Ligand code: ADP
Ligand code: MG
């Protein structure tokens, strides 16, 4: 039995993420319109949908990069509310962006060990040792002392994943992590994500990589105009999409 299925068959049944009736307004624009989602520990949820449908906005509310305007979000028992619990939530939830966002003036190892020393007050030597382990896990320990600009895009994104993991998050969010990469580098990043999923990590992944979704995702949710209009298995989605927008979308990307 894989760790993923172990995690999901946990008898508690307590979701690690609960979003209830989540709304987000940007001024007069209504970007999220009552989103409901519940994620079990160890689940991998792939989020797809047209550009502008609210995918990024939604996952950014899960680690408080955006504040929702209405509704309830609870992550690992911590309710995201007003200005409260921001540090706690940032420790629980790691995020990987399309554009890597590494610190250019720091080495790869410094990028990975900075937050644990600053935020968690881990001694530097210990943070660096753990950093090297994480770099090995994403397959780039030999690049530890280089600067981000000396690495390929795929390598930089793997550093960004290691950096997020250095805080020991319980949930990892990915927002189109391979969209900025040349085709030959996409697989090396998806392989790292797949390994993470197999290790039992709870993951929300916005991606158009359908092969990844079919192979790795437990659930696939389709966003349209600020809400989830399908929430199903990847196979069910491909073979039998219900919503007209989902059918159109599949027609474009497959
Ligand atoms: P997706 O990730 O699905 O492409 P987004 O969540 O980025 O969509 O955006 C959803 C909608 O919200 C878009 O119409 C976008 O223009 C709008 N939006 C996102 N962020 C902001 C912002 N900071 N200010 C104003 N509008 C925004
Ligand atoms: Mg987006």
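Quick note: the coordinates plus some simple rules give every number you see, no bench work behind them. All of these numbers come straight from a predicted model, not from anything done at the bench. All Cβ positions, even for glycine, are placed from backbone atoms using ideal geometry, and neighbour counts span all protein chains on display.
The figures follow:
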{"item": "Kirkwood Rh and Cα Rg combined as Rg over Rh, evaluated for segment 59-179", "result": "1.00"}
{"item": "Relative contact order for segment 25-132, counting Cα pairs under 8 Å that sit 6 or more residues apart, in percent", "result": "15 percent"}
{"item": "Taking all pairs of distinct alpha-carbon atoms in segment 72-136, Kirkwood radius in angstrom", "result": "13.6 Å"}
{"item": "Potential lengthening between residue 26 and residue 208 on full extension [0.36 nm per residue; Cα-Cα distance subtracted]", "result": "63.0 nm"}
{"item": "Cβ-derived FRET efficiency at R0 30 Å, residue 225 paired with residue 101, nearest 0.05", "result": "0.60"}
{"item": "Two-decimal ratio, segment 132-198, of alpha-carbon radius of gyration to 2.2 N^0.38 Å", "result": "1.04"}
{"item": "Antiparallel DSSP beta bridges within the chain, percent to nearest 5", "result": "55 percent"}
{"item": "Using alpha-carbon coordinates, inclination of helix 244-253 to the longest axis of the chain, degrees", "result": "40 degrees"}
{"item": "Packing rank of 241-253, 214-226, where each peptide gets the mean count of other beta carbons within 10 Å, highest leading", "result": "214-226, 241-253"}
{"item": "Between 0 and 90°, nearest 10: helix 183-198 axis offset from the chain longest Cα axis", "result": "90 degrees"}
{"item": "Whole-angstrom gap from segment 76-123 to segment 20-55, using each part's C-alpha centre", "result": "22 Å"}
{"item": "Acute angle (nearest 10 degrees) that the helix 108-118 long axis makes with the longest principal axis of the chain, alpha-carbon atoms", "result": "80 degrees"}
{"item": "Choice from 190, 86, 134 showing the highest fluctuation, given a GNM over the chain with Cα pairs closer than 10 Å", "result": "86"}
{"item": "Solvent-free Debye scattering, log10 I(q)/I(0), computed from the Cα coordinates of the chain at q = 0.09, 0.10 Å⁻¹", "result": "-0.39, -0.49"}
{"item": "Alpha carbon Rg of segment 114-254, scaled by the compact-globule rule 2.2 N^0.38 Å", "result": "1.21"}
{"item": "Helix-only [θ]222 nm of the chain, DSSP H runs n ≥ 4, -39500 (n - 2.57) each, per residue, nearest 500", "result": "-11000 deg cm²/dmol"}
